[in-house]
1. Could you tally the net charge around L498, taking each other residue with its Cβ under 15 Å from the Cβ of L498, Lys/Arg +1 and Asp/Glu -1?
2. Before rounding to the nearest 500, sum -39500 (n - 2.57) across all DSSP H runs of length at least 4 in the chain and divide by the residue total; then give [θ] at 222 nm in deg cm²/dmol.
3. Where does each of V196, V461 land when they are ordered by accessible area, with a 1.4 Å probe and the largest first?
4. Work out from phi, with θ = phi - 60° and the Karplus expression 6.51 cos²θ - 1.76 cosθ + 1.60, the ³J(HN,Hα) of each residue of segment 436-452, listed in order in whole Hz, and give x for Gly and Pro.
5. Just for the chain, what percent of DSSP beta bridges are antiparallel, to the closest 5?
6. Got a sec? Which residues in segment 17-48 would a label at R325 touch, if it sits 7 Å along Cα→Cβ and we count backbone N under 16 Å?
7. Hey, can you find the accessible area per residue of the chain for me, probe 1.4 Å, expressed in square angstrom?
8. As a test of understanding, state the convex hull volume per residue of segment 198-304 from its alpha carbons, in Å³.
Amino acid sequence: MVDGLIPPSKGRRMVSSEHRYVIVGAGPAGLQLSYYLQQHGADYLTLESGDGPGGFFRRFPRHRRLISLNKVHTDSADPEIRLRWDWNSLLNDSPDLLFPRISEEYLPAADDLVRYLAEFQRVHQLNVRYGTTVERITRTGDGFTLSTDRGDVRARCLVVATGWGRPFVPAIKGIEHAIGYEDMVVDPTAYDGQRVLIIGKGNSAFETASAILGRASMVHLASRQPLRLAWNTKHPGDVRGQYGAILDSYQFKTLHSVLDCTIDEIRPVDGRFRVSITYTHAEGETAELDYHTVLRCTGFRMDTSMFDETARPDMVRDGRMPGLRPDWQSSNVDGLYFAGTIAQARDVKHASSPFIDGFRYNLRTFTRMLRERYEDVPLPYTTTQADAASLTKLMLDRVNWSSALWTQFEYLCDAFVRDDATGDFHHYEDLPEDYAVERFGAATHWYTLALRWGRDDYGDVFAIDRHPTPDRARESAFIHPVIRRYRGAELLAEQHLLEDLLAEWRRLDRHVEPLVEFLTRDLTSGP
């Protein structure tokens, strides 16, 4: 029977065990990595403190509705292409074990994701030891010792996939008077007629504001930074369109407001809370506003309390997440890796690494990297001829089909590296581009292939002037293929291919011929 499926007897401590790979956390990332390692017959163990997978999603989001899309009905029957709009499935070889079999809702319920994760673990019989709390992580020899409430576990390679461990509490005088997102009352009627201040302007803040908008007399969302709307930034973690009602209410003069300000102090006065603020865009103007309730919706940070000084990772982004090397390894602790939503430091606020639809592909590549380092299995590649027609066909086939390049735009890329001995190109799939630049720093002639957005500052993202000619493809605003030519770490040239409404890049005049011309010119110009 698979280790961990039998609950521990009360008071029993398990005999110490040793594994090549130990994963801490059985959320979506922990399960996905467990699946990949198990498929390769690796010696791994996953530790989880809860009695089932997906503990974070058993409590969050508080109003129990996900922002991850679940587009069940598409034009394509190809399973790979359909994954582009299925943001909740873990990658696996069972066609019946996909999230749309659990829910057909476009914005599904969090409880459905919890059910899906439990089914994923059950079907694949992953080696997860539930009910095991990691109390201390120590660097010992060439690996790690994990002290748990069920005995010690030894790991040659340690992967932490715990997700967010604790709320992020900003340094505001009087912040203790604010009720945290994790503890707030979710019944909207509890806010009837109240003036409510929500600290934060992310999705949890807007989720909360939307729930009480019709009950509270006044809702203000406040933070120092301007509002980041996903339709402007292209990042799914920024504020999503389904929360637009609060923005309408602001423009329609209902006194609901979104404030750019510094919150200087929160203090109780006569049964309410008086909040002192300094506006960001008003030449230092200050104000004091009274509220019945102050809610803190400022996100989360990773909990590092289980690391002792020998294994403590460096943290970035105000201490919210670990610093990473291009291979998802800790920036300062060798052999310590991170997976899932906490492993986003390399592309924070950019691609989809904080979300299932992004990190499921990261983890597929990550598994290949681990096997290369710890099992001497070379990073896989295929070989293609060094002619423009062959490379063009392969590159266009990839961008028209790959869900990894689609989802992890501007982060994951395919690399085509010329073998100077044979002249052929080695094709590596789904590598982080910064990793590829580091790995192939000695290569004389190589390319990356990725999908990218136009990054111009558009006044209105729904009224962009377009220039649909191949020579102006660089000005494309929508997602489109970009081929970069490198010599070592030096970027020499960049070829953009025109955007397409249906994301089909196969037109002879717009896509095939421009790419053939670029590659022909580059391949014949020498190293």
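The values are calculated or read from the model by the stated rules, or taken from the named source; none is laboratory data. Because the structure is a prediction, the values reported are computed rather than measured. Using ideal geometry, Cβ is built from the backbone for each residue, glycine included, and neighbour counts are taken over all protein chains shown. These accessible areas exclude ligands, DNA and RNA; they are computed on the full protein's heavy atoms, side chains included. Shrake-Rupley method; radii C 1.70, N 1.55, O 1.52, S 1.80 Å.
1. Working: positive: R452, R466, R472, R474, R506, R507, R510; negative: D465, D471, E475, E494, E499, D500, E504, D509, E513, E517.
Combined, the nearby Lys, Arg, Asp and Glu give -3.
2. Working: 11 runs with 110 residues, N = 527.
Calculated at 222 nm, the ellipticity per residue is -6000 deg cm²/dmol.
3. Working: V196 0, V461 35 Å².
Ranked list, largest accessible area first: V461, V196.
4. Computed from phi, the couplings for segment 436-452 are 4, 4, 6, 5, 9, x, 9, 6, 7, 8, 7, 10, 10, 10, 8, 9, 9 Hz.
5. On the way: 59 of 94 bridges.
Of those bridges, close to 65 percent are antiparallel.
6. none
7. On the way: 22980 Å² over 527 residues.
About 44 Å² of surface per residue is accessible.
8. Values: hull volume 14.7 nm³, N = 107.
Cα convex hull per residue, to the nearest whole number: 138 Å³.
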